[in-house]
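Student: Mind having a look at this structure? Questions to follow.
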Amino acid sequence: MRILKVLWNKYDKKKVADLPRVQFEGRIFIVQTEAEADKAVKYLLSQSLLGFDTESRPSFRVGEVHPVALLQVATHDTCFLFRLNRIDMPKSVLQLLGDKKVKKVALSWHDDIQRLQQRKKFKVGEFFDLQSHVGELGIEDMGLQKLYANVFGEKISKGKQLSNWEADVLTESQMRYAATDAWACVRLYEELERLKQTQDYILKEAEPKPEVQQEV
C-alpha cells in the first residue's frame, strides 16, 4: 500500500510547539585555527552533500550589525563550526565557498553570502537554496523551523539564536543549535528531492485565518 506524506502549503506555527524536538546528534568539531580550517575543508570537499548556515552576534541597537561569527558546515553525521571571528576567512574557507563540484545546500543563502562578503570578497560557488525550490511542491513557508516541522513533523529549537556567538567558549547547547541548522538543510534537501521524484505526498491547503473586521 502506497503511503503518502501530508504536506501543508502553510504550516500552522502554533502546532510547532507540540512537536517532538530534534537536534543534530553527530560529531561536532570547532575550527579556530587556519591549520584546523585547512584540514576540515579537505574533508568536506571529499563529501557528496553539505549543509551550510551562519550565525552572528545579535544586535540590539538600531543600525548595529555584527559580522558573521560562525560558519557551520554539516554532512549527515559530522559538523564543522568555523569560528570566523577568530580565523576570519582563510584561503581554505574561500576555496570551500567557491567550490562548484560538491552539492552545497542552504536556506536563504543569498543573505548569508552578503554578510560573509563583508568579511572578505570571494567568488561564490554553486549553492542550492531551499527557499528557491520548496515552491515546486506547493510549500509557501520559507523559515527553517516551519519548513522542517512541515516535512518531518519535528521541532527545531530556536532558543540559542540570540546568544553570543563571539563568546570565548561556545556552550554545548550553542554548538548543537548551530550544527542542527546546517544538518537540517541536508535532511530537507534529500527528502524534498525524494518527494519530487516519487510524488509520494499530498498537499493540503491551510485554512485561511478569519478576517478581523474593525468598526468604522
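The values are calculated or read from the model by the stated rules, or taken from the named source; none is laboratory data. Everything numeric here is computed off the predicted structure, so don't read it as measured data. Cβ sites come from the backbone with ideal geometry, for glycine too, and all protein chains shown count toward neighbours.
Student: The conditions are (1) part of a helix (DSSP H, G or I); (2) buried (at least 20 other Cβ atoms within 10 Å of the Cβ); (3) not charged (D, E, K, R), and Phe80 fails exactly one of them. Which is it?
Tutor: With respect to (1) part of a helix (DSSP H, G or I); (2) buried (at least 20 other Cβ atoms within 10 Å of the Cβ); (3) not charged (D, E, K, R), Phe80 is out only on (1).
Student: For the stretch 88-105, what are the residues that are surrounded by fewer than 20 Cβ atoms within 10 Å (Cβ to Cβ) and touching a strand residue (DSSP E or B) at 6+ places or on another chain (Cβ under 7 Å)?
Tutor: Those that are surrounded by fewer than 20 Cβ atoms within 10 Å (Cβ to Cβ) and touching a strand residue (DSSP E or B) at 6+ places or on another chain (Cβ under 7 Å): Val102, Lys103.
Student: Same structure, new question: Which residue is nearest to Trp8 (Cα to Cα), if the candidates are limited to the stretch 117-151 and must be surrounded by fewer than 20 Cβ atoms within 10 Å (Cβ to Cβ) and of a type in the set (Gly, Ala, Ser)?
Tutor: Gly138
Student: Additional query: Inspect the stretch 89-105 for any residue being polar (S, T, N, Q) and in a helix (DSSP H, G or I) and give the result as yes or no. Spell out the reasoning first.
Tutor: First pass over the stretch 89-105, keeping only residues polar (S, T, N, Q): 92, 95.
Filter once more, keeping what is in a helix (DSSP H, G or I): 92, 95.
Yes, that holds for at least one residue.
Student: Restricting attention to the stretch 153-171, does a residue exist that is surrounded by fewer than 19 Cβ atoms within 10 Å (Cβ to Cβ), part of a helix (DSSP H, G or I) and at pLDDT 95 or above?
Tutor: Looking for residues that are surrounded by fewer than 19 Cβ atoms within 10 Å (Cβ to Cβ), part of a helix (DSSP H, G or I) and at pLDDT 95 or above, one finds none in the stretch 153-171, hence no.
Student: Could you tell me which numbered condition Glu25 fails, if it satisfies all but one of (1) free of Cβ contacts under 8 Å to residues at least 40 places away in the same chain; (2) out of contact with any Lys or Arg (no Cβ under 9 Å at 6 or more places or on another chain); (3) closer than 26 Å to Asn85 by Cα?
Tutor: (2)
Student: Considering (1) modelled with pLDDT of 95 or more; (2) within 14 Å of Ala178 (Cα to Cα); (3) not aliphatic (A, V, I, L, M), say which one Lys39 fails and leave the rest.
Tutor: Failing condition for Lys39: (2).
Student: So Pro58 clears everything in (1) within 25 Å of Gln145 (Cα to Cα); (2) outside any helix (DSSP H, G or I); (3) touching a helix residue (DSSP H, G or I) at 6+ places or on another chain (Cβ under 9 Å) except one condition, right? Which one?
Tutor: (3)
Student: Could you figure out which of (1) under 17 Å from the mean Cα position of the chain (by Cα); (2) part of a helix (DSSP H, G or I) isn't true of Gly135?
Tutor: Against the list (1) under 17 Å from the mean Cα position of the chain (by Cα); (2) part of a helix (DSSP H, G or I), Gly135 comes up short only on (1).
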